[in-house]
There are 2 protein chains.
Amino acid sequence: MSASQKINPDLAKERKKCSFNTSELTHLLDGGPRKTQERKERERFFLEDPELRSKVPLEYLSHKEKYEEAVRKACLLFKKVQQLQNEGKGGMENFREILGGQLGSAILGDGNPLTLHYVMFIPTLMGQGTYDQQAEWIQKAWECSIIGTYAQTELGHGTFIRGLETTATYDPKTEEFVLNSPTLTSYKWWPGGLGHSANYAVVVAQLHTKETCHGIHSFVVQLRDEETHMPLPGINIGEIGCKLGMNSTNNGYLGFENVRIPRTHMLMKNYQVLSDGTYVSSPSSKLTYGTMIFVRVVLVQDAATYLKKAAIIATRYSAVRRQCQIKPEDPETLILDYVTQQHKLFPNIATCFAFQYAANWLWDIYNDINSQMESGKMDNLPELHATACVLKAVSTADAALGVETLRLACGGHGYMTASNLPSTYGLVTAMCTYEGENTVLLLQSARFLIKVWQNKKNLGNLPTVRYLETASHKQIPFQKSVDWIIAALQKTSASKIGLANNHINDRIRKGQAAEDAWNNTSIELVEAADIHGRTFIVQTFYETVKRLDVSPGLRTVLNKLVELYAVTQALKLSGHLLRFIDINGRNIEALQEWLEELLAAIRPDAVGLVDSFDIRDEVIASALGSYDGNVYERLFEAAQQSPLNAEPVNKSFNQYLKPFLKSHM
Amino acid sequence: MSASQKINPDLAKERKKCSFNTSELTHLLDGGPRKTQERKERERFFLEDPELRSKVPLEYLSHKEKYEEAVRKACLLFKKVQQLQNEGKGGMENFREILGGQLGSAILGDGNPLTLHYVMFIPTLMGQGTYDQQAEWIQKAWECSIIGTYAQTELGHGTFIRGLETTATYDPKTEEFVLNSPTLTSYKWWPGGLGHSANYAVVVAQLHTKETCHGIHSFVVQLRDEETHMPLPGINIGEIGCKLGMNSTNNGYLGFENVRIPRTHMLMKNYQVLSDGTYVSSPSSKLTYGTMIFVRVVLVQDAATYLKKAAIIATRYSAVRRQCQIKPEDPETLILDYVTQQHKLFPNIATCFAFQYAANWLWDIYNDINSQMESGKMDNLPELHATACVLKAVSTADAALGVETLRLACGGHGYMTASNLPSTYGLVTAMCTYEGENTVLLLQSARFLIKVWQNKKNLGNLPTVRYLETASHKQIPFQKSVDWIIAALQKTSASKIGLANNHINDRIRKGQAAEDAWNNTSIELVEAADIHGRTFIVQTFYETVKRLDVSPGLRTVLNKLVELYAVTQALKLSGHLLRFIDINGRNIEALQEWLEELLAAIRPDAVGLVDSFDIRDEVIASALGSYDGNVYERLFEAAQQSPLNAEPVNKSFNQYLKPFLKSHM
């Protein structure tokens, strides 16, 4: 039994129904046909290398074996990346995609123990090191004669960076910093590759000099001997153990006991400690925002990509799987024809596009503001920061929920590792926590919104919150249009922010401290920020599609997706809409009908839409989601790879089971 | 560094705040102090046996090693169960708890490969076998000289049992059935223990005799040689591979190629094939409902138990973890003091109680109706079936969502296997799919609701739907009371069912076939059943607590939990309430205020409430959730158990990493 290259006939039939040109959509998503081709070349270069495949599927290995296999592949992957660089092909812009993105994750399977070297170690050296320091470190790091990681989070502190406890105390006598972990909670905990892979790290610690603490700063610390890889004296290091996902990233812990490093190992571009211990601080502290925002741009893109993967898997599976009969005289029904199934799939397909365009917007604005910042203009930074926060929170939360909905939509087979849905969920849900926990980010965004609300005039130069000036007073009689939904969401968002603001003020008036009033209103603040974020995504999706230069056929289907995303959000928020907008049950019924019409309208294009994401089978890595739709053959083949199936009788029979069974004879 | 028995001082402080007697609540939940004591004895008997512990945490083992360790423990566990039986202690009622419930799952960790022997194989023999067959098989099965499983689901069919493809064709010449798997999709797929553990199975197959197919029937089939455990000729068998969870259950596949079994191996209590091949059918086919409903009772209980475990973990962690400061001059804030955190925890604590009482109700009614059925009265069976469906769907969906919310509420540490939250999620989410996929069950419940709606009179003898007679006409002016919430939810539920019914009729009137009209209305039907289920749970919780004989202190806190559950459900459904009930935004604001008051009121009792679930540390199995609250010590200790940490330098350094690093020198 072998998964033939023949396309499952049900899936072939679906592809014939498609109303638009899937290549046109693929090119659009890639940014043009040339980009598509470059991507495909890159994919071939990595994915068709037999050395980069594992002999046994990772899930069957022990934790230790998984790590060892990951180091093998990570080294090969880095070599290939360097080969591309040497050929002048693989610029820094593709680096992240290859190492941390979907391509790297397809190759490594469950995390890369060396990724932080390129993704955090080198960028931090570049961003915070002086020219001298860059000269010393970057060459070595770039050619990979040392491997670094970035050690910030501690056992006791993640979100609250100011609370980090690791200390770096300057000793002017020897011109050294002395690093210590004064408590168990001060142990570094989580950095990828820290356990057994990296031999250097940028360590974030509280800087003490001349008996004063100057807050957190970054230091380059050698962790292991370059020849033997043995931990250096005073370095207590290891891995933190298994996790829900990313079990090959080798997340580590690290404790210091009087570890001495030269003064020049503090990264001193923005702050300095002079040899006598004098501390010199930098003029601007907003510079570090840049990286944080950049990372969140990437996360919104990743959220879209994970959701795409799951949408492909669940949609193709639904176009092949038959179960029950709608009418007794008919053959068994394709589960894609059940409206409840469509309701699980199609809004998530639309969401992939919505997030992709939100990420593109954020990327463009990030670049704009970055160049403004270089000329000293910081006006839009708080707005950008608030928007990045809310988009990261909404997109990762919805992507995780979406992946899980799609996994459940595949029934029992979605529970199998071979579907690749469990692992996709493990990776996407992690994003809800790292790089800013979602509730914390929504509250940060809410803080900006409340500030704007309390002083709302001349918002013309703040495009994401401009609507707050007027939205709450607008009359918006119900219409079945995306324009109406956007206006309604804006009014709802504005009303919700206004209400939360009133509640804060009420509480202060009743004698609560401002901070307590904030905390006591925080459920509503989180909701307000969430609604603001969704409003922004709907609007950006709508306006982007309006401006696209595409064929009429593609425009038609894209418009349907915009409508579907908008209606889904409106219905999701109907409890708020009914509170703040002058509409009634009939109008909600009309939205529900519109939803049902859209599901039916998108039905023939469902497979075409996920095909146009153009993700290779190796990246989808799912028995349920491959292009040929040979679901059952692939599930069966996957099972044959279990080492348990290599022998008809497992040794546990003679060791345990037989003695037990025979004890009753 | 060792996790001392000293209680974390923050947690000790919380325990002092508790307003009620936690032992009283524990006894109430157990069903009396004697039951508590029996439970504790049972727990000691199993959990304090050092043989039943693993040397290395399971997550570090390979898939194969996990299975072997599971067989070792499963045999020991069965022996201990038999010991209890011999001492007259462990009746059948505790069996499931020990084998399939929390106790068994604490011991086995990730599934028991032998559970289906007691949970499905023996009960099926008892339910469907004749006296002669029982005499032949049950003795052997009961003393474990054979090990059986139950093979129903196939690669191609789960929900749609009538679509199963395995055939059992009667051959009157030899008086045998010939079993075959005519297609790949007809392979049995999923049965627990089928892969390498069981040597017998009850197999569900399409019965063919005298050239007629009589639908699915059950057959006892020997799979493996009792001495060598080798698969018998014509038996193609193995395991299906890794899954999101339950990786030690040894879920298997099974194909037949002309496997012959004696005629007497068909289970013939209700149907017979005579030796000449004549088929004799049974008078009642409703008897099989019984087991299905029983299993769902158990699932609602399990949903409550998983949620309890996660609530304990997240609440204790939140009472120990400090992060950020509400006010700059204060020490770092316990995360339990953030209102957004309380909003993630406390409604889930309330939900544990609500589900527990719903399960109790279902159990009582199941027993009532079972004895009615024995006297031939079947009137309430459809209602019971519909209620079991909706309660299974709502409780498993909310428990899964709750566990995940609680996991995310523990931030990064909730992502660690040592928190036991990932594994708890893996087990609880599986329940959304097995024993009736949730969307399918909601639609079955909706079918009953629509039927009742279309003929709604004299509902007096149908307690769960009685309200449909009058609810949609009631005037219910807003009040801040649980009575109002129940009335409002009932009116909403009735209106929603009525609306869905209208939409079905509209569609039929426009020319759609009844089946298509049903499918096209199914999103609303699912919502209607879901609201009906929630309404029932709120009401049952409220009424049960009203009748309890408890101290005033405990009553006060239980009432708060009822209110919190009710308000949370009302706010969750506010989009529907605002459509169907005459309320406005101000009323929703009042509900929101009530929610916030309740969170504050429950805050001092939060730790006491989860303590009173009285789940042992071995069962919680979480570094974040142990009774002593020594979170960081336990996380650190757990990491030390990783085999990767047993050596300072992993072999992959010399094998892969060093050659790579040195290649650039």
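How far apart, in nanometres, would the label points at A:GLU41 and A:GLN83 be if each is projected 7 angstrom from Cα along the Cα-to-Cβ direction?
It is 1.5 nm.
Kirkwood hydrodynamic radius, region B:293-419, all distinct C-alpha pairs: what's the number in Å?
16.4
Using per-residue counts of other Cβ atoms within 10 Å, averaged over each peptide, order B:105-113, B:429-437 from highest down.
B:105-113, B:429-437
Could you work out the local net charge near B:LYS210, counting Lys and Arg as +1, Asp and Glu as -1, over the other residues with Cβ closer than 12 Å to its Cβ? List each step's numbers first, then the result.
On the way: positive: none; negative: B:ASP171, B:GLU211, B:ASP276.
Local net charge: -3.
If we count every other residue with Cβ under 9 angstrom of A:THR417's Cβ, Lys/Arg +1 and Asp/Glu -1, where does the sum land?
Around A:THR417, the surrounding residues sum to 0.
Mind checking region A:618-665 for chymotrypsin sites (Phe, Trp or Tyr not before Pro) that DSSP puts in a loop (not H, G, I, E or B) and that have at most 13 other Cβ atoms within 10 Å?
Working: sites: A:TYR627, A:TYR632, A:PHE636, A:PHE653, A:TYR656, A:PHE660; in loops: A:TYR627.
Here no chymotrypsin sites (Phe, Trp or Tyr not before Pro) fit, given the DSSP loop and packing criteria.
Which order, highest average first, do B:584-595, B:469-480 follow once you tally other Cβ atoms within 10 Å for each residue and take the mean per peptide?
Ranked by mean Cβ neighbours within 10 Å, highest first: B:584-595, B:469-480.
Rounded to the nearest 20 Debye, what is the dipole magnitude of region A:146-283 about its Cα centre when Lys and Arg each give +1 and Asp and Glu each give -1 at the C-beta? Kindly include the intermediate steps, with their values, before the conclusion.
Numbers: 9 positive and 12 negative charges, 69 e Å.
With only Lys, Arg, Asp and Glu charged at Cβ, the dipole is about 340 debye.
Sort B:LEU468, A:LEU254 by Cβ crowding within 10 Å, fewest neighbours at the top.
Details: B:LEU468 20, A:LEU254 27.
Least crowded to most crowded, the residues run B:LEU468, A:LEU254.
According to a simple spin-label model (label point 7 Å from Cα along Cα-to-Cβ), what is the distance in nm between A:ARG509 and A:SER551?
Taking the two extended label points, one gets 6.1 nm.
Every other copy gets compared here: list the nm distances from the B:LYS210 label point (7 Å along Cα to Cβ) to its counterparts, shortest first, one decimal.
Here the equivalent label points are 10.6 nm apart from this one.
Mind putting a number on the dipole of the protein assembly as shown about its Cα centre? Charges go on the C-beta only, +1 for Lys and Arg and -1 for Asp and Glu, and I need it in Debye to the nearest 20.
Dipole magnitude for the protein assembly as shown comes out near 1600 debye.
Mind listing the label-point distances from B:LYS546 to the same position on all other copies, shortest first, one decimal in nm, points 7 Å along Cα→Cβ?
Copy-to-copy label distances for B:LYS546: 5.5 nm.
If the limit is 27 Å between Cα atoms, which of A:LYS451/A:LYS491; B:LYS474/B:LYS510; A:LYS658/B:LYS392; A:LYS17/B:LYS188; A:LYS80/B:LYS651 go over it?
Details: A:LYS451/A:LYS491 18 Å; B:LYS474/B:LYS510 31 Å; A:LYS658/B:LYS392 38 Å; A:LYS17/B:LYS188 34 Å; A:LYS80/B:LYS651 23 Å.
Violating the 27 Å Cα-Cα cut-off are B:LYS474/B:LYS510; A:LYS658/B:LYS392; A:LYS17/B:LYS188.
Work out the P(r) tail for region A:316-389: percent of alpha carbon pairs separated by more than 19 Å, whole number. Don't jump to the answer; show the numbers that get you there.
Values: 1574 of 2701 pairs.
In whole percent, the share of Cα-Cα pairs in region A:316-389 beyond 19 Å is 58.
Viscosity 1.002 mPa s, temperature 20 °C: what is the translational diffusion coefficient of region B:289-611 from Stokes-Einstein with a Kirkwood Rh over Cα pairs, rounded to a whole number of µm²/s?
Values: Rh = 20.8 Å.
The estimated diffusion coefficient comes to 103 µm²/s.
Using DSSP to define loop residues, name the trypsin sites (Lys or Arg not before Pro) in region B:419-459 whose beta-carbon has at most 15 other beta-carbon atoms within 10 Å. Spell out each step's value before the answer.
On the way: sites: B:ARG447, B:LYS451, B:LYS456, B:LYS457; in loops: B:LYS456, B:LYS457.
Answer in residue order: B:LYS457.
Among B:ILE583, B:ASN501, B:HIS117, flag the residue with its Cα farthest along the positive direction of the charge dipole of chain B, charges on Cβ as +1 for Lys/Arg and -1 for Asp/Glu.
It is B:ILE583.
Calculate the all-directions average of the projected area of region A:31-112's alpha-carbon convex hull, and give it in nm².
If you wrap the Cα atoms of region A:31-112 in a convex hull and average its projections, you get 5.5 nm².
If you split all Cα-Cα distances of region A:146-283 into 10 Å bins from zero, what percentages do you get per bin, shortest first?
Result, from short to long distances: 13, 44, 33, 9, 1 percent.
Give me a single rounded figure for B:153-159: the average over its residues of other chain Cβ atoms within 10 Å of their Cβ.
On the way: counts 1, 1, 8, 6, 4, 4, 5.
Per residue, the average neighbour count from other chains is 4.
Sorted from fewest to most neighbouring beta carbons within 10 Å, what does the list A:THR396, A:THR169, A:THR521 look like?
Sorted ascending by nearby Cβ count, the order is A:THR169, A:THR521, A:THR396.
P(r) of region A:576-643 in 5 Å steps, Cα pairs, percent per bin?
Histogramming region A:576-643 at 5 Å steps yields 3, 13, 14, 13, 10, 10, 9, 9, 9, 6, 3, 1, 0 percent.
Rounded to the nearest 500, what is the 222 nm mean residue ellipticity of chain A from helices alone, with -39500 (n - 2.57) per DSSP H run of 4+ residues and division by all residues?
So the helix-based figure for chain A works out to -17000 deg cm²/dmol.
How are the C-alpha pair distances of region A:353-428 spread across 5 Å bins, as whole percents from the shortest bin up?
Percent of pairs per bin, in order: 3, 14, 18, 15, 12, 11, 9, 7, 5, 3, 1, 0.
How would B:TYR338, A:TYR253 line up from fewest to most surrounding beta-carbon atoms within 10 angstrom?
Going from sparsest to densest Cβ surroundings: B:TYR338, A:TYR253.
Rounded to a whole number, what is D in µm²/s for region A:11-63 from Stokes-Einstein with the Kirkwood radius over alpha-carbon pairs (20 °C, 1.002 mPa s)?
D = 150 µm²/s.
Which FRET efficiency value, to the nearest 0.05, do you get for B:SER281 and A:ILE326 by plugging their Cβ-Cβ distance into 1/(1 + (r/R0)^6) with R0 = 22 Å?
After rounding to 0.05, the efficiency reads 0.20.
List every residue whose amide H lies under 5 Å from the amide H of B:VAL259, counting only residues 5 or more places away in sequence or on a different chain, with H placed 1.01 Å from N in the peptide plane.
So B:VAL259 has HN proximity to B:LEU179.
Suppose each label sits 7 Å from its Cα in the direction of the beta carbon; what would the A:ALA590-A:ASN559 distance come out to in nanometres?
About 1.9 nm separates the two model spin labels.
Can you work out D for chain A in µm² s⁻¹ from Stokes-Einstein, where Rh is the Kirkwood radius over C-alpha pairs, the temperature is 4 °C and the viscosity is 1.567 mPa s?
47
Net charge around A:LEU624, counting only other residues with Cβ within less than 13 Å of its Cβ (Lys, Arg = +1; Asp, Glu = -1)? Before the final figure, lay out the partial values.
Values: positive: A:LYS309, A:ARG316, A:ARG321, A:ARG407, A:ARG634; negative: A:ASP617, A:ASP628, A:GLU633, A:GLU637.
Within the 13 Å Cβ shell, the charges total +1.
Could you give log10 I(q)/I(0) at q = 0.06, 0.07, 0.08 Å⁻¹ for the protein assembly as shown, computed by the Debye formula over C-alpha point scatterers of equal weight, without solvent?
-0.53, -0.74, -1.00
None of the figures in this text is laboratory data; all of them are computed from the coordinates on show. Predicted, not measured: the structure shown is a model, and the values here were computed from it. Cβ atoms come from the backbone with ideal geometry, glycine included; neighbour counts cover every protein chain shown.
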